[in-house]
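A.B. asks: One structure is given below, represented as structure tokens, and several questions about it will come after.
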Amino acid sequence: MNIIYASDDGYCQHMAVSIFSIIEHNRKEDLCFHILDDGISEQHRRELTEWIASEGQNVRFYPVGKEMERLKEDIPGLTTGKFRITTLARLFLGSILPETVTKALYLDCDTVTLRSLHGLYAWKLGNHVAAMAPEPTVYPEVRELVGLTETEPYYNAGVILLNLSKWRELGLEGQSLCYYREMDGQLPFNDQDILNHVLRGKVLCLFQRYNFFSNYYYFRYAAILKESPWYAARETDASFHKAKHHPVIVHFAGDERPWFRGSHNHYRRAYELCLRETPFAGARKQEGKELYMAAYFMMNLLTFLCPVTRKWISHTYYQRSVREHFNKDKEKGKVKGKEKTKTGEMHGTCSGNT
């Protein structure tokens, strides 16, 4: 089972937690962890290597710092906003990993696995490039920007079962970079937006329980359908309930991170228990965000009681973030999104590139 992570030195602790959660729930599997290394310290590499070996599993590191720097030079307008540039390393998996790795499971560092991954990894991808879980609460502006119709799902890239053979065969790395250049390196969710564009029609839809965002614990199924009716064809009320209470993979894809002091994240205990078994055992929680964590928890409660309030807060934050990180006001952002969606030229230019 090939498992891929991308991390810099600052996220090593969270990656180690995620790695242990996989080892713990997949004791009968032969695991090989492929780590895209964007500046992990020599000490942390050594500690991780020795620790994973002591668990009877394998790990390989692939330095990607130079690739990330070249990407900045190649796309002058590139900005990843609040996200680390390491997130873009996902676009280079086909060329960085050996060609003998034809299938792999990519996971964000801020995930915790709670059950066996055997069933997920065994999925037959056929001619599909990937299997991913949908993100029905993504902002409408983002869907429009990447060219999705109202009925097409937008996928979260935090958990991806990859057919690397098909990725290489279709030249999707080149297509991804071409599209990113056309967008001037300015996409709200970076490589996730890129993947949603270049993989249209090439993705198998995973159940939400394979990539359950911890924020969704406070979402009602009916409220999600109101915003994204297409979700009903991919997730039922019963399967969403199962995802909420029996997730396979929990994704801490929000600001309520379990490593912040004062976090009320419903799944924080899973993170804390796994942390004890890693080389980072005893690490103190990050301080300074206690009031923000309290406010975030109140927003989560409002999500259950009054979904419209959560939507307004979230959308306001998104618009401010776009202005701050991409130096575009609201109206310019709308115009650019409409232009790229309507013209088809922007979406078709890269479609034949290899």
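The values are calculated or read from the model by the stated rules, or taken from the named source; none is laboratory data. What you see is a predicted model; the values in this text were computed from it and never measured. Cβ atoms come from the backbone with ideal geometry, glycine included; neighbour counts cover every protein chain shown. Calculation scope for accessible area: heavy atoms of the full protein, side chains included, ligands and nucleic acids excluded. Shrake-Rupley method; radii C 1.70, N 1.55, O 1.52, S 1.80 Å.
Residues checked against (1) of a type in the set (S, T, N, Q); (2) open to solvent by 40 Å² or more (accessible area, probe 1.4 Å):
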site	(1), (2)
VAL198	no, no
ASN215	yes, no
SER228	yes, no
ALA253	no, yes
GLU256	no, no
ASN265	yes, no
PRO279	no, yes
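A.B. asks: Next question, about the same structure. Limited to the range 239-251, what total is found for residues that are part of a loop (DSSP other than H, G, I, E, B) and open to solvent by less than 70 Å² (accessible area, probe 1.4 Å)?
C.D. replies: The qualifying residues number 2.
A.B. asks: Now for a different question. Looking at the range 287-314 only, could you name the residues that are open to solvent by less than 50 Å² (accessible area, probe 1.4 Å) and among the small types (Gly, Ala, Ser)?
C.D. replies: If the condition is that a residue be open to solvent by less than 50 Å² (accessible area, probe 1.4 Å) and among the small types (Gly, Ala, Ser), then ALA294, SER314 are the ones that fit.
A.B. asks: Please determine whether any residue of the range 219-238 is in contact with a helix residue (DSSP H, G or I) (Cβ under 8 Å, 6 or more places away or on another chain), in a loop (DSSP other than H, G, I, E, B), touching a residue at least 12 places away in the same chain (Cβ under 8 Å) and under 18 Å from GLY10 (Cβ atoms).
C.D. replies: no
A.B. asks: Kindly state which helices (runs of 4 or more DSSP H) lie completely within the range 154-218 and contain at least 2 residues that are in contact with a Leu (Cβ under 6 Å, 6 or more places away or on another chain) and closer than 30 Å to HIS264 by Cα.
C.D. replies: 190-198
A.B. asks: Then there's this: Search the range 25-39 for residues being more than 15 Å from THR87 (Cβ to Cβ) and surrounded by 15 or more Cβ atoms within 10 Å (Cβ to Cβ), and hand back the single one that is farthest from the chain's Cα centre (by Cα).
C.D. replies: GLU29
A.B. asks: Here's another thing I want to ask about it. Determine whether ARG284 is surrounded by fewer than 18 Cβ atoms within 10 Å (Cβ to Cβ), assigned to a helix (DSSP H, G or I) and either under 24 Å from the mean Cα position of the chain (by Cα) or modelled with pLDDT of 95 or more (or both).
C.D. replies: Criteria not met by ARG284.
A.B. asks: Still on this structure, I have one more. So which pairs qualify, if the first residue must be in the range 130-141 and assigned to a strand (DSSP E or B), the second must be open to solvent by 10 Å² or more (accessible area, probe 1.4 Å) and among the charged types (D, E, K, R), the Cβ gap must be under 8 Å, and the two must be at least 6 apart or on different chains?
C.D. replies: ALA130/LYS202; PRO134/ARG234
A.B. asks: Kindly indicate whether GLU150 is open to solvent by 30 Å² or more (accessible area, probe 1.4 Å), farther than 23 Å from THR86 by Cβ and either among the hydrophobic types (A, V, I, L, M, F, W, C) or modelled with pLDDT of 95 or more (or both).
C.D. replies: no
A.B. asks: Every residue in the range 109-140 that is under 24 Å from TYR217 (Cα atoms) and charged (D, E, K, R), please.
C.D. replies: ASP110, ARG115, GLU135
A.B. asks: Go through the range 1-24 and count every residue that is surrounded by fewer than 23 Cβ atoms within 10 Å (Cβ to Cβ) and within 16 Å of the chain's Cα centre (by Cα).
C.D. replies: Of the residues in that region, 2 qualify.
A.B. asks: With within 30 Å of CYS306 (Cα to Cα), touching a residue at least 12 places away in the same chain (Cβ under 8 Å) and of a type in the set (Gly, Ala, Ser) as the only criterion, which of SER214, SER176 stands out?
C.D. replies: After applying the criteria, what remains is SER214.
A.B. asks: Also: Residue pairs, Cβ under 7 Å, 6 or more apart or interchain, first in the range 80-96 and among the β-branched types (Val, Ile, Thr), second at pLDDT below 80 and not in a loop (DSSP other than H, G, I, E, B). List them.
C.D. replies: If the second residue must be at pLDDT below 80 and not in a loop (DSSP other than H, G, I, E, B), the pairs left are THR80/THR87; ILE85/MET68.
A.B. asks: Same structure again: Looking at the range 262-281, can you tell me whether even one residue there is hydroxyl-bearing (Ser, Thr, Tyr), within 25 Å of CYS109 (Cβ to Cβ) and without any contact (Cβ under 8 Å) to a residue 40 or more places away in the chain?
C.D. replies: Within the range 262-281, one or more residues are hydroxyl-bearing (Ser, Thr, Tyr), within 25 Å of CYS109 (Cβ to Cβ) and without any contact (Cβ under 8 Å) to a residue 40 or more places away in the chain.
A.B. asks: Next question, about the same structure. Tally the residues that are buried (at least 16 other Cβ atoms within 10 Å of the Cβ) and touching a residue at least 24 places away in the same chain (Cβ under 8 Å), restricting the search to the range 40-54.
C.D. replies: So the count comes out to 6.
A.B. asks: Restricting attention to the range 168-194, report how many residues are open to solvent by 10 Å² or more (accessible area, probe 1.4 Å), within 22 Å of LEU107 (Cα to Cα) and within 19 Å of the chain's Cα centre (by Cα).
C.D. replies: 5
A.B. asks: So is LEU206 over 25 Å from ARG84 (Cα atoms), open to solvent by 40 Å² or more (accessible area, probe 1.4 Å) and at pLDDT 95 or above or not?
C.D. replies: Criteria not met by LEU206.
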